[in-house]
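Colleague: Structure below; questions to follow.
The values are calculated or read from the model by the stated rules, or taken from the named source; none is laboratory data. Quantities reported herein were computed from a predicted structural model and do not represent experimental measurements. Please note: Cβ atoms are built from the backbone with ideal geometry, for glycine as well, and neighbour counts cover all protein chains shown. The accessibility values were calculated without ligands, DNA or RNA, using every heavy atom of the protein model including side chains. Shrake-Rupley method; radii C 1.70, N 1.55, O 1.52, S 1.80 Å.
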Amino acid sequence: MLPPLLFRHIRPDDKGRLADGLQRLSPETRHKRFLMPKPRFSSGELRYLTEIDGFDHVAIVAVPASDPDVFYGVARFVRLREDPTTAEAAIVVADPLQGKGLGRELGRRLADEAREVGVERFTASMLSDNEAAHRLFRSISERLTEHTGSGLREIVAELAA
């Protein structure tokens, strides 16, 4: 069961919280999210991940109501320049809360916000054996297109109107 949570948009002053959140993820979770080892964020990455416009780049964080300085999950989409109706999406959940529904809730909220700004589909790249991420995207969309190769699974998830 999930503890009481608050959901909000990421802010520029969240750089330290985001860096701390990465350090709390297991190496396996980091690898699944970033598709490679990710020991830390550079200052440029922290700027990119927290100084967003809320339209073409949206990020939602889940924090415990009892300690809003701790990130339990982050969901984001970045609209593709070549196709503004499509956005690349990614979701990560802290290890102790995986499998408890937080990813689905973040995905639902992210999809709702995406539809509000004209995004019709999400794309995502994941390790081909990452069944949890696959289930998460299936919970966002019943219409998935998949291509698998070189150990990666590329998904296109159509967002219902």
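Colleague: Determine ³J(HN,Hα), in whole Hz, for all residues of segment 146-158 in sequence, where each value follows from phi through the Karplus function 6.51 cos²θ - 1.76 cosθ + 1.60 and θ = phi - 60°; x replaces Gly and Pro.
Modeller: Each residue of segment 146-158 in turn: 10, 9, 10, x, 6, x, 10, 10, 9, 10, 10, 10, 6 Hz.
Colleague: Looking at segment 43-149, which trypsin sites (Lys or Arg not before Pro) are DSSP coil and have at most 16 other C-beta atoms within 10 Å of their C-beta?
Modeller: Listed in order of number, the matching sites are R81, K100.
Colleague: So how strong a dipole does segment 61-115 carry about its Cα centre when Lys and Arg Cβ are +1 and Asp and Glu Cβ are -1, to the nearest 20 debye?
Modeller: 180 debye
Colleague: Within segment 85-161, what whole-number % of the accessible surface is contributed by carbon and sulfur, with the 1.4 Å probe and all protein chains included in the calculation?
Modeller: In segment 85-161, the share of accessible area belonging to carbon and sulfur is 46 percent.
Colleague: Tell me the relative contact order for segment 64-156 as a rounded percent, counting alpha carbon contacts under 8 Å between residues six or more apart.
Modeller: Once divided by the residue count of segment 64-156, the mean separation gives 25 percent.
Colleague: About its Cα centre, what dipole magnitude does segment 1-149 give when the only charges are +1 on Lys and Arg Cβ and -1 on Asp and Glu Cβ, stated in debye to the nearest 20?
Modeller: Approximately 240 debye in magnitude.
Colleague: In Å, what is the Rg of the alpha-carbon atoms in segment 61-129, and how long is Dmax?
Modeller: 13.3, 41
Colleague: Compare the Cα positions of G103, A87, A114 along the charge dipole of the chain (+1 at Cβ of Lys, Arg; -1 at Cβ of Asp, Glu; about the Cα centre) and return the one farthest towards the positive end.
Modeller: G103
Colleague: Per 5 Å bin, what percent of the C-alpha pairs of segment 1-65 does each bin hold, from zero upward?
Modeller: Going out from 0 Å in 5 Å bins, segment 1-65 shows 4, 16, 22, 24, 22, 11, 2, 0 percent.
Colleague: Also: On average, how much area does the Cα convex hull of the chain cover when viewed from any direction, in nm²? Spell out each step's value before the answer.
Modeller: Working: hull surface 36.6 nm².
It is 9.2 nm².
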